[in-house]
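Beneath this line is the structure, given in structure tokens, with notes to follow.
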Amino acid sequence: MSSTLPSPAALAPVAEPMVVNCIAYRRDGTRIGEISLDAISDVLAAADTFVWVGLHEPDEALLEKLQEEFCLHDLAIEDAHTAHQRTKIETYGDSLFLVVQTAQLIEAELKFGETQIFLGARYLVTVRHGASLSYAPARRTCENAPELLANGPSYGLYGVLDLIVDNLLPIVRDFREELGLLEQDIFAETFKRSTVHRLYDMQRDLMTLRLAVAPLQDITSQLVRLHQGLIPDELRPYFRDVYDHVFRVNESINVMREMLTAAINVNLSLVTFGQNEVMKKLAGWAAMLAAPTLLTSWYGMNFQHMPELARPWAYPAIIVVMACVVGGIYTALKRNKWL
């Protein structure tokens, strides 16, 4: 195997819209520079080098090119062709294939994406689909710590996973802040159907987010304990830190789901209580109207012999009786807080 790199002209990258980055590094963690996909095999032919490739929604031809350069497994490439895979980690020989769900708030709407990661002893390939932030900040962070990047592509894997998990925390925090604002509508005097709709949408998004985050605990746990050939012992504390962050996000999601469930139940209870109050008032007014209606219906019948019908004070007396009955009913209902 040759121990020298090809000439810079041979390594020069070619602009490809689906290739975000293709960068070669020395084994000591220092950056060699951007290279073309065709130059990957030439770089790997030199001793003590590794390559970090970042792709965004590549087509089949590009994935087949990477499979040829890195000898990627057919089943992993098949999964990478199609997004919407479940979060998982799989071992293919001396390499790992990871699928991680990503999330991003776009115009106050939660969008989900997917990142597929190929990790080998001398390469790291990230494939982004859908809603996902660039991993350029993770790359810069890794390059600023060459003594850790000297551990190989696995430190780049840590940087990517750490960035993905850290981007989830602001999403949960935004949900918590929005719930605080919705509480004002929940306890308002008037019922708003849009409030219930938003609470349901938030609960649905958090359920989907939990399905994306929960399997990350198993993945990071494996990276802490297993895969000796790919994860150096020096990096295991870093993956343990990612595991702690995932656990924290998962707990925050669970708490938020419980808060949303409680908010929905409180909102429905208040609506039911308000309806009961309205029904009590309607029933009270109906009771007050029933008494004079009963009396007037009696005297509205065409009978000759009615109590006190022929007396001149009968009409005012009936009015007084009706007023007293209505007043008594009103006082009783008022005392019992029905009106």
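The values are calculated or read from the model by the stated rules, or taken from the named source; none is laboratory data. Bear in mind the structure is a predicted one, so any value in this text is a computation, not a measurement. In this analysis, Cβ positions are derived from the backbone assuming ideal geometry, glycine residues included, and neighbour counts consider all displayed protein chains. Calculation scope for accessible area: heavy atoms of the full protein, side chains included, ligands and nucleic acids excluded. Shrake-Rupley method; radii C 1.70, N 1.55, O 1.52, S 1.80 Å.
The rows are residues; the columns are (1) in contact with a Pro (Cβ under 6 Å, 6 or more places away or on another chain); (2) of a type outside the set (A, V, I, L, M); (3) open to solvent by 60 Å² or more (accessible area, probe 1.4 Å).
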{"position": "Tyr243", "(1), (2), (3)": "no, yes, yes"}
{"position": "Phe247", "(1), (2), (3)": "no, yes, yes"}
{"position": "Glu251", "(1), (2), (3)": "no, yes, yes"}
{"position": "Met259", "(1), (2), (3)": "no, no, yes"}
{"position": "Val278", "(1), (2), (3)": "no, no, yes"}
{"position": "Lys281", "(1), (2), (3)": "no, yes, yes"}
{"position": "Ala286", "(1), (2), (3)": "no, no, no"}
{"position": "Leu289", "(1), (2), (3)": "no, no, yes"}
{"position": "Leu295", "(1), (2), (3)": "no, no, no"}
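Do you know which residues across region 57-72 are under 25 Å from Cys142 (Cβ atoms) and under 32 Å from the mean Cα position of the chain (by Cα)? Write out each step before concluding.
If we filter region 57-72 for residues that are under 25 Å from Cys142 (Cβ atoms), which is where we start, we get 57-58, 62-63, 65-67, 69-72.
Within region 57-72, Glu57, Pro58, Leu62, Leu63, Leu66, Leu72 qualify.
Need the failing condition index for Asn302 against (1) open to solvent by less than 70 Å² (accessible area, probe 1.4 Å); (2) over 30 Å from Asp174 (Cβ atoms); (3) modelled with pLDDT under 75; (4) not aromatic (Phe, Trp, Tyr), just the number.
(1)
Gly54 fails exactly one of the following numbered conditions: (1) over 18 Å from Arg140 (Cβ atoms); (2) touching a Ser or Thr at 6+ places or on another chain (Cβ under 7 Å); (3) at pLDDT 85 or above; (4) open to solvent by less than 50 Å² (accessible area, probe 1.4 Å). What is the number of that condition?
Answer for Gly54: the failing condition is (1).
Is there a residue in region 5-20 that is modelled with pLDDT of 85 or more and either open to solvent by less than 70 Å² (accessible area, probe 1.4 Å) or not in a strand (DSSP E or B) (or both)? Spell out the reasoning first.
Step one: of region 5-20, the residues modelled with pLDDT of 85 or more are none.
Looking through region 5-20, none of the residues is modelled with pLDDT of 85 or more and either open to solvent by less than 70 Å² (accessible area, probe 1.4 Å) or not in a strand (DSSP E or B) (or both).
For the condition in contact with a Pro (Cβ under 9 Å, 6 or more places away or on another chain), under 19 Å from Asp218 (Cβ atoms) and open to solvent by less than 70 Å² (accessible area, probe 1.4 Å), what is the one hit in Gln101, Gln116, Gln85? It would help to see each step written out before you state the result.
Details: Gln116 fails: in contact with a Pro (Cβ under 9 Å, 6 or more places away or on another chain); Gln85 fails: in contact with a Pro (Cβ under 9 Å, 6 or more places away or on another chain).
Being in contact with a Pro (Cβ under 9 Å, 6 or more places away or on another chain), under 19 Å from Asp218 (Cβ atoms) and open to solvent by less than 70 Å² (accessible area, probe 1.4 Å) holds for just one of Gln101, Gln116, Gln85, which is Gln101.
What number goes with the only condition from (1) within 17 Å of Leu161 (Cβ to Cβ); (2) in contact with a helix residue (DSSP H, G or I) (Cβ under 7 Å, 6 or more places away or on another chain) that Thr49 does not pass?
Among (1) within 17 Å of Leu161 (Cβ to Cβ); (2) in contact with a helix residue (DSSP H, G or I) (Cβ under 7 Å, 6 or more places away or on another chain), the lone unmet condition for Thr49 is (1).
Could you check region 26-119 for helices (runs of 4 or more DSSP H) lying wholly inside it with 2 or more residues that are within 20 Å of Asn151 (Cα to Cα)? Explain how you work it out, then say what you get.
Numbers: elements: 40-45, 60-70, 74-81.
Helices (runs of 4 or more DSSP H) meeting the threshold: 40-45.
I'd like to check which helices (runs of 4 or more DSSP H) are fully inside region 130-222 and have at least 2 residues that are under 30 Å from Arg27 (Cα atoms), open to solvent by less than 10 Å² (accessible area, probe 1.4 Å) and in contact (Cβ under 8 Å) with a residue 60 or more places away in the chain. Full working, then the answer.
Values: elements: 136-143, 146-149, 153-166, 168-186.
Result: 153-166.
Could you say whether any residue in region 324-339 is under 30 Å from Thr195 (Cα atoms), open to solvent by less than 50 Å² (accessible area, probe 1.4 Å) and either modelled with pLDDT under 75 or under 49 Å from the mean Cα position of the chain (by Cα) (or both)?
First, pick out the residues of region 324-339 that are under 30 Å from Thr195 (Cα atoms): 337-339.
Narrowing further to those that are open to solvent by less than 50 Å² (accessible area, probe 1.4 Å): 339.
Now drop any that are not either modelled with pLDDT under 75 or under 49 Å from the mean Cα position of the chain (by Cα) (or both), which leaves 339.
The answer is yes; a qualifying residue exists.
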